[in-house]
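Novice: Okay, here's the structure, questions in a sec.
The values are calculated or read from the model by the stated rules, or taken from the named source; none is laboratory data. Model, not experiment: these values are computed from the prediction. No Cβ is skipped: glycine too gets one built from the backbone with ideal geometry, and neighbour counts run over all protein chains shown. Surface accessibility is based on the protein's heavy atoms, side chains included, excluding ligands, DNA and RNA. Shrake-Rupley method; radii C 1.70, N 1.55, O 1.52, S 1.80 Å.
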Amino acid sequence: QVQLVESGGGLVQAGGSLRLSCAASGRTSSTLTMGWFRQAPGKEREFVAAISWSDTSYADSVKGRFTISRDNAKKTVYLQMNSLAPEDTAVYYCAADRSSRITLSIGNYDYWGQGTQVTVSS
């Protein structure tokens, strides 16, 4: 089992920045693919970004604004979010996939955190 705990959400004005963190514990491995997803009210959960051992992937809506990174020694994944806009408002979830290859599919992720709220005011 892998446990994931997100932190770093909050309220920010449009144009501002936030950094989300996801701390992993349990049977973790540096080969885990880690992903960030988000779910806005009334919408389906959607892919935001993912990082494997050697690659990253981003949703088109966040490319150039968000950066995903990982610190394997700390078993932590980060999502740096810049130039935030009101449409980025959502609950952000961290997820882990035991596959070493990046996947954008929600169903492929084995473990999920509880989510952290990000609210961007206009």
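Novice: Would you please list the contacts, defined by Cβ atoms under 7 Å and residues six or more apart or on different chains, that run from a residue in region 19-30 that is free of Cβ contacts under 8 Å to residues at least 40 places away in the same chain and farther than 14 Å from N72 by Cβ to a residue that is of a type in the set (S, T, N, Q) and open to solvent by 20 Å² or more (accessible area, probe 1.4 Å)?
Specialist: G26/Q1; G26/Q3; R27/Q1
Novice: Would you be able to tell me the number of residues in region 11-52 that are assigned to a loop (DSSP other than H, G, I, E, B) and open to solvent by less than 30 Å² (accessible area, probe 1.4 Å)? Step through it out loud before you land on a result.
Specialist: Here is the first cut: in region 11-52, the ones assigned to a loop (DSSP other than H, G, I, E, B) are 14-17, 27-32, 40-45, 52.
Now drop any that are not open to solvent by less than 30 Å² (accessible area, probe 1.4 Å), which leaves 16, 32, 40, 52.
Residues in region 11-52 being assigned to a loop (DSSP other than H, G, I, E, B) and open to solvent by less than 30 Å² (accessible area, probe 1.4 Å): 4 in total.
Novice: Just name the residue that is farthest from F37 (Cα to Cα) out of those in region 75-118 that are assigned to a strand (DSSP E or B), among the polar types (S, T, N, Q) and open to solvent by less than 50 Å² (accessible area, probe 1.4 Å).
Specialist: Residues of region 75-118 assigned to a strand (DSSP E or B): 76-81, 90-97, 111-112, 116-118.
This time we only want the ones that are among the polar types (S, T, N, Q), so: 76, 80, 116-117.
With the extra rule that they be open to solvent by less than 50 Å² (accessible area, probe 1.4 Å), the set shrinks to 76, 116.
Working: T76: 16, T116: 11 Å.
So the residue we want is T76.
Novice: Give D71, D60 a once-over and let me know the one that is free of Cβ contacts under 8 Å to residues at least 12 places away in the same chain, over 25 Å from T28 (Cβ atoms) and of a type in the set (D, E, K, R). Explain how you work it out, then say what you get.
Specialist: Details: D71 fails: over 25 Å from T28 (Cβ atoms).
Answer to the check: D60.
Novice: Out of everything in region 53-71 that is loosely packed, with under 13 Cβ neighbours inside 10 Å and of a type outside the set (D, E, K, R), what residue ends up being farthest from R38 (Cα to Cα)? Outline the logic, then answer.
Specialist: Taking region 53-71 as the starting set, the residues that turn out to be loosely packed, with under 13 Cβ neighbours inside 10 Å are 54-55, 60, 63-64, 71.
Adding the requirement that they be of a type outside the set (D, E, K, R) leaves 54, 64.
Details: S54: 23, G64: 17 Å.
Among them, the one singled out is S54.
Novice: Out of region 44-57, which residues are in contact (Cβ under 8 Å) with a residue 12 or more places away in the chain and under 22 Å from D88 (Cα atoms)?
Specialist: Looking only at region 44-57, we keep the residues that are in contact (Cβ under 8 Å) with a residue 12 or more places away in the chain, and these are 45-53, 55-57.
Across region 44-57, the qualifying residues are R45, E46, F47, V48, A49, A50, I51, T56, S57.
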